[in-house]
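First comes the structure, then the notes that go with it.
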2 protein chains.
Amino acid sequence: MVNDHGLSYFEDYLLGTTYECGSVSIDQASIVAFAKEFDPQPFHVDPAAAAAGPYGGLIASGWHTAALVMRLLVENYLAAESSLGSAGLDELRWPHPVRPGDTLRVRATVVESRRSMSKPDRGIVKTMVEAVNTDGATVMRATAINFILVRPDPGA
Amino acid sequence: MVNDHGLSYFEDYLLGTTYECGSVSIDQASIVAFAKEFDPQPFHVDPAAAAAGPYGGLIASGWHTAALVMRLLVENYLAAESSLGSAGLDELRWPHPVRPGDTLRVRATVVESRRSMSKPDRGIVKTMVEAVNTDGATVMRATAINFILVRPDPGA
């Protein structure tokens, strides 16, 4: 599988390049359903309590936002043939609330790229991931750390 | 609502204290269901591909682990009357895979606590969150940044 950007292996992830990863919309029913299962705080699950609460209305769990962003990264940035998973993320932030009806655009910028010293079949790619709403506000930002296979040697 | 540890307001979160937050089990069906929706990489959704893949079997999406951990924090650490949400997390890591049948124990340690300069009704609590499996391996670790209301002045 090669995704839209032609990203198949470690060598394809170009330092400094920003890859657009599509967009996703979020509605109240899905906000409440996710939060009832995983993050049942009043401002995520109870529209009336949320209206009287710190955000003046229902907002999405940051984990829901992160999961929706991940979906777009899997579809448009990570490649099934080379993605070996993630060590984690640095400075995950939710600077602005996500509200019902929002549409989020996701982009991924390669901020660091190096071959693994200990495992020569792979590289480590650090990616600044950003999700932006239609008003231009950044609703999520993080630096993801991913292990990605290098292109197989055709002579091997 | 006061949870098991008597955590209601900012003042209750004691620097250096570790709060046990209970445990959660994860099965293959829920791993696959979550990942099909949010993180459809082969090692999360396809048992056969996962068996031949980098982890030698199906593993949970790190976002699924994070969401399950969040549930325990909401139930046992954050208080509905004072939690104002999170700015994000630093150094979110998944050092060890989560596999079907795992049971994860979650604990939360207050590593920083200070009153907000700009908003006197709240404090900022930084929490080292850890999830550990029954073999003692840490499967998730992060430093969460939460805004928490101070105890209301009864004379106000």
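Side notes on the structure shown:
- The range B:4-25 residues that are more than 14 Å from B:Ser113 (Cα to Cα) and modelled with pLDDT under 95, paired with ones that are small (Gly, Ala, Ser) and assigned to a strand (DSSP E or B) (beta carbon under 9 Å, 6 or more apart): B:Asp4/B:Gly22
- Looking across the range B:126-156, the residues that are touching a helix residue (DSSP H, G or I) at 6+ places or on another chain (Cβ under 7 Å) and part of a strand (DSSP E or B) come down to B:Val129, B:Ala131, B:Val139, B:Met140, B:Ile148, B:Leu149.
- Residue that is nearest to B:Asp46 (Cα to Cα), among those in the range B:89-105 that are acidic (Asp, Glu) and within 14 Å of another protein chain (Cβ to nearest Cβ): B:Glu91
- Top-ranked residue of the range A:54-77 - restricted to ones that are outside any helix (DSSP H, G or I) and in contact with a helix residue (DSSP H, G or I) (Cβ under 9 Å, 6 or more places away or on another chain), ranked as farthest from A:Gln41 (Cα to Cα): A:Gly56
- Criterion (within 9 Å of chain A (Cβ to nearest Cβ) and not in a helix (DSSP H, G or I)) met by exactly one of B:Ser86, B:Ser8, B:Ser23: B:Ser86
- Looking across the range A:89-105, the residues that are of a type in the set (A, V, I, L, M) and part of a strand (DSSP E or B) come down to A:Leu89, A:Leu92, A:Leu104.
- Condition broken by A:Val32, with the remaining ones in (1) closer than 27 Å to B:Phe43 by Cα; (2) more than 10 Å from every other protein chain (Cβ to nearest Cβ); (3) among the β-branched types (Val, Ile, Thr); (4) in a helix (DSSP H, G or I) satisfied: (1)
- Residue pairs whose Cβ atoms lie under 8 Å apart, separated by 6 or more positions or on different chains, with the first residue in the range B:47-73 and in contact (Cβ under 8 Å) with a residue 24 or more places away in the chain and more than 9 Å from chain A (Cβ to nearest Cβ) and the second among the small types (Gly, Ala, Ser) and assigned to a helix (DSSP H, G or I), are B:Gly57/B:Ala50; B:Gly57/B:Ala51; B:Leu58/B:Ala50; B:Leu58/B:Ala51; B:Ala60/B:Ala35.
- Of all the residues in the range B:45-89, those that are closer than 13 Å to A:Ser61 by Cα, in contact with a strand residue (DSSP E or B) (Cβ under 7 Å, 6 or more places away or on another chain) and among the aromatic types (Phe, Trp, Tyr) number 0.
- So B:Ala108, is it of a type outside the set (Val, Ile, Thr), in a strand (DSSP E or B) and within 13 Å of chain A (Cβ to nearest Cβ): no
The values are calculated or read from the model by the stated rules, or taken from the named source; none is laboratory data. None of the values given here were measured: they were computed from a predicted structure. Ideal geometry is used to build each Cβ from the backbone, glycine not excepted, and the neighbour counts take in all protein chains shown.
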